[in-house]
Amino acid sequence: MAQVYLSLGSNLGNRVGFLERAQAAFQKAFHQVRFSEIYETEPVDYLDQPWFLNQVVELGTELSPLELLNWSKTLENQMGRVYTFPKGPRTLDVDILTYDDIILNTPTLCVPHPRLAARKHVLVPLAELNPNLKIQTVGQTVSEVLETVKDSSRVYRYAQK
């Protein structure tokens, strides 16, 4: 069984509700599921959009990386995700961060996620679950990368209102 880390993000509509529905789907479909706290995060790349709620999920799966990608895209579609433009607003975004210790680079999927080591909104919740996880493409642990990440976007633990 593969150990996998995925990021979840939402910045449209009922952000908490979308994350809760995603959590339920992951718990139903996979083994050994754990979630980080939820973080409210400033957008990166495309800035003219609402702030995100982000979370990382750890799970065990028998699915291959591409099967997991397809499962994740189906979940996004079930949550009403509409692909308008890259980095744009979304009801739910699911990204595969790591899949065991493999490195995969295909036109469809890159693992570890190509921007994992540069994104504080993913590194902070990932460090909460596994600070000693080695990011194979950079040869450092999550906590080591987080200490030197250049991303200055703001990341706050989310306090439900």
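In plain terms, the chain from Trp51 to Ser64 could stretch by 1.5 nm, reckoned as 0.36 nm per residue minus the Cα-Cα distance. Pairs of alpha carbons in the chain separated by more than 28 Å make up 13% of all such pairs.
Between Met1 and Val149, residue separation times 0.36 nm minus the direct Cα-Cα distance comes to 50.2 nm. Could you work out [θ]222 nm for the chain from helices alone, using -39500 (n - 2.57) per DSSP H run of at least four and dividing by all its residues? Round to the nearest 500 deg cm²/dmol. Calculated from helices alone, the mean residue ellipticity at 222 nm is -9000 deg cm²/dmol. Each of Thr106, Ser64, Leu6 was placed along the dipole of the chain (beta-carbon charges, centred on the mean Cα), and the one lying farthest toward the positive end is Leu6. Computing FRET efficiency as 1/(1 + (r/R0)^6) for Thr74 and Thr141, where r is the C-beta to C-beta distance and R0 is 30 Å, gives about 0.40.
By how many nm would the segment from Glu20 to Thr108 lengthen if fully extended, with 0.36 nm per residue of separation less the alpha-carbon distance?
Using 0.36 nm per residue and subtracting the Cα-Cα distance, I get 29.0 nm.
Could you state the number of Å between the C-alpha centres of the range 37-57 and the range 114-156? Going from one Cα centre to the other spans 15 Å. Take the Cβ-Cβ distance between Lys28 and Lys87 as r, set R0 to 30 Å, and report the resulting FRET efficiency rounded to the nearest 0.05. FRET efficiency, Lys28 to Lys87: 0.55.
Readers should treat all values here as calculations from the given coordinates under stated rules, not as data from a laboratory. Note that this is a predicted model, so its numbers are computed, not measured. Cβ coordinates were reconstructed from backbone atoms using ideal geometry, including for glycine residues, and neighbour counts include every protein chain displayed.
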